[in-house]
Structure formats: C-alpha cells, structure tokens
1. From the residues in the range 71-99 that are assigned to a loop (DSSP other than H, G, I, E, B) and within 27 Å of residue 133 (Cβ to Cβ), which one is farthest from the chain's Cα centre (by Cα)?
2. Anything in the range 236-278 that is outside any loop (DSSP other than H, G, I, E, B) and touching a strand residue (DSSP E or B) at 6+ places or on another chain (Cβ under 7 Å)? List them, or say none.
3. From (1) buried (at least 21 other Cβ atoms within 10 Å of the Cβ); (2) aliphatic (A, V, I, L, M); (3) touching a strand residue (DSSP E or B) at 6+ places or on another chain (Cβ under 6 Å), pick out the condition that doesn't hold for residue 127.
4. Here's a check for you: in the range 209-250, which residue that is among the basic types (Lys, Arg) and out of contact with any helix residue (DSSP H, G or I) (no Cβ under 6 Å at 6 or more places or on another chain) is nearest to residue 164 (Cα to Cα)?
5. Among the residues of the range 258-275, is any buried (at least 22 other Cβ atoms within 10 Å of the Cβ), within 25 Å of residue 158 (Cα to Cα), without any contact (Cβ under 8 Å) to a residue 24 or more places away in the chain and within 23 Å of the chain's Cα centre (by Cα)?
6. Those residues that are touching a Phe, Trp or Tyr at 6+ places or on another chain (Cβ under 6 Å) and either polar (S, T, N, Q) or part of a helix (DSSP H, G or I) (or both), I need them from the range 100-126; list them, please.
7. Restricting to the range 106-115, and then to whatever is within 20 Å of the chain's Cα centre (by Cα) and of a type in the set (A, V, I, L, M, F, W, C), can you tell me which residue is surrounded by the fewest Cβ atoms within 10 Å (Cβ to Cβ)?
Amino acid sequence: MLRFASACAVAVALSVAAPAQAADAQLKSAVAGAQRAPEHKARDAARNPEATLTFWGVKPKQIVIELSPGSGYWTEILAPYAKATGGTYYATGADLANPQISEGAKAARANFEKKYADTAKFGEVKVIGFGPVSGPLGAPGSADMVITARNLHNWAPNAAFLDKVLKDVHAVLKPGGVLAVEEHRSDPKPSAPKWSTGYMSQAEVIAMVEKAGFKLAAKSEVNANPKDTKDHPFGVWTLPPSRWTTAGGRGSDPNFDRTKYDAIGESDRMTLKFVKVG
C-alpha cells in the first residue's frame, strides 16, 4: 500500500508539473519565434526576455496589460504567448477619447495597431486608451499582471499623472495580481532632479509603488549591468538603444565618440515584482 501510495504521489506530481513545463516551452517558443523583429531579437542579451518574464510570473491563460509598449519589444513575445496559452494581451495606446490628443499621438497608435494587426502571427493585440484623462484600464479586478518597462522616469515628473497611472493599475488588477516593473537604476548615485537623466533610485521606485497600495514581492538582478557608470553626457539616452549624440537627441553630432558608451551596452536596470494588496 505504501509503495502504491508513493507511486500515485509521483504520478500526481508529474501531472501537476507537466503544464508548467509546457508553458516554459511555449515561452521559449515565443521568445525564439520568427514573428519577432530582428532589431528586437538583437537586444535579448541586454533585456533577458525569458528570465525576466519568468521572474515576473507570466503564465498561461493570464490577462496581461502592458503600459506604453513603445516599439513592441514585449508585444512580439507576450501577444503570441497569450494566443498559444489561452491568455489575453492588452497594450495601451493614445487615448482617442481625449479631445486634446495630438495628431502625432493618434498616428503612433494607428501605426502600432497596423504593425500588430496580423492575428495569425501575433494573436489579437487589444489596445486600451491611456493618458491623463483616460478611463479605466479594464474591469475592476480583471487583470493578472500589468507590465511597465522603462516608463516610470517619464511619468514621475508629473506627480498627478503617476498617481493616476498607479491608481488605475491597482484598480484593474486582481487581489494578489502583479505589477511588473523594469526601470533604469541610478544606484549608488541619487536620482537627478526631476529624473532628468532617466535614472531612478530603486528605493524611491519602491516607495512610489508601495504608496499606491502594492507590496514589493521580489527583486531581481537579471537586468543589472555593472558596466553602467550612470554619468553619461545625455543621460541614459546616451546608451543603446537611443544612442543620442546631442542634447535631447536633436540631430546627430558626427564628431561625438560613441565607443565607450556602446561598449557599456544598455543601462543598469532594476527588475521588480509587486503584488496588489487586498
């Protein structure tokens, strides 16, 4: 009887483990997939997509919202992964309901939607309006995870907007849902006034997010870069992928020597996992 019970326990353990192993394979497949742009794949050594998403706890059948997805680095992984695993991927875009929205913002949203319109390739990429007067990110308590990658330094100078973003994220997440954060890290240096260099201290990011009703669950060094000296002439944007050679990225200075900045690579970044309290 004991041997039989032990065998049953092993069988149950294997049956429980199998979905997780399959999910890992699907994540690997999404990361390696041909649907990803070559310029995005070229950044994988710096952005560590599989390890980062695993740390954040991305799983099958989740509802995942990505804030300000930019060129779609994570979109090209998360949308096909959601399609393959029965999940749903949302990205935020310009808030078309805002009468003050610029034509440039409208065009950027339209271009993003067009870029990821091929459902056979990417699955359905749903876009949510996002901005200073936008409505909820979704039904209250409906999302499993919200991801923000390298955005907080842009939002923090406008305290009212940052408060709104974090409030909206807290509202849309399920209790225990995850807010996944990747951000340029200033440590051991303090942040510049108004975060003008693009770097933020890890302690202040944790304080900002926890003030909004989240609890830090884990920290990872997966995206650390000890080569980053954080003293670049044009802030973090001196480094790849922005590679500025002039203030504000206005134009290009052919005499600017990029050698040491390209050797550093992408920035040193904090990778944090918060959970919604309550």
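The values are calculated or read from the model by the stated rules, or taken from the named source; none is laboratory data. Quick caveat, the model's predicted, so the values are computed rather than measured. Cβ coordinates were reconstructed from backbone atoms using ideal geometry, including for glycine residues, and neighbour counts include every protein chain displayed.
1. Residues of the range 71-99 that are assigned to a loop (DSSP other than H, G, I, E, B), as a first pass: 71-74, 86-87, 95-99.
With the extra rule that they be within 27 Å of residue 133 (Cβ to Cβ), the set shrinks to 71-72, 74, 95-99.
Working: 71: 12, 72: 10, 74: 7, 95: 19, 96: 23, 97: 25, 98: 24, 99: 28 Å.
Among those that are assigned to a loop (DSSP other than H, G, I, E, B) and within 27 Å of residue 133 (Cβ to Cβ), it is 99.
2. 236, 269, 270, 271, 272, 273, 274, 275, 276
3. Here residue 127 clears every test but (1).
4. Result: 211.
5. no
6. The one that is touching a Phe, Trp or Tyr at 6+ places or on another chain (Cβ under 6 Å) and either polar (S, T, N, Q) or part of a helix (DSSP H, G or I) (or both): 122.
7. That would be 108.
To keep it simple, each residue is scored yes or no on (1) touching a strand residue (DSSP E or B) at 6+ places or on another chain (Cβ under 7 Å); (2) touching a residue at least 60 places away in the same chain (Cβ under 8 Å); (3) among the basic types (Lys, Arg).
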site: 150; (1), (2), (3): yes, yes, yes
site: 160; (1), (2), (3): no, no, no
site: 169; (1), (2), (3): yes, yes, no
site: 176; (1), (2), (3): yes, yes, no
site: 191; (1), (2), (3): yes, no, no
site: 194; (1), (2), (3): no, no, yes
site: 207; (1), (2), (3): no, no, no
site: 212; (1), (2), (3): no, no, no
site: 223; (1), (2), (3): yes, yes, no
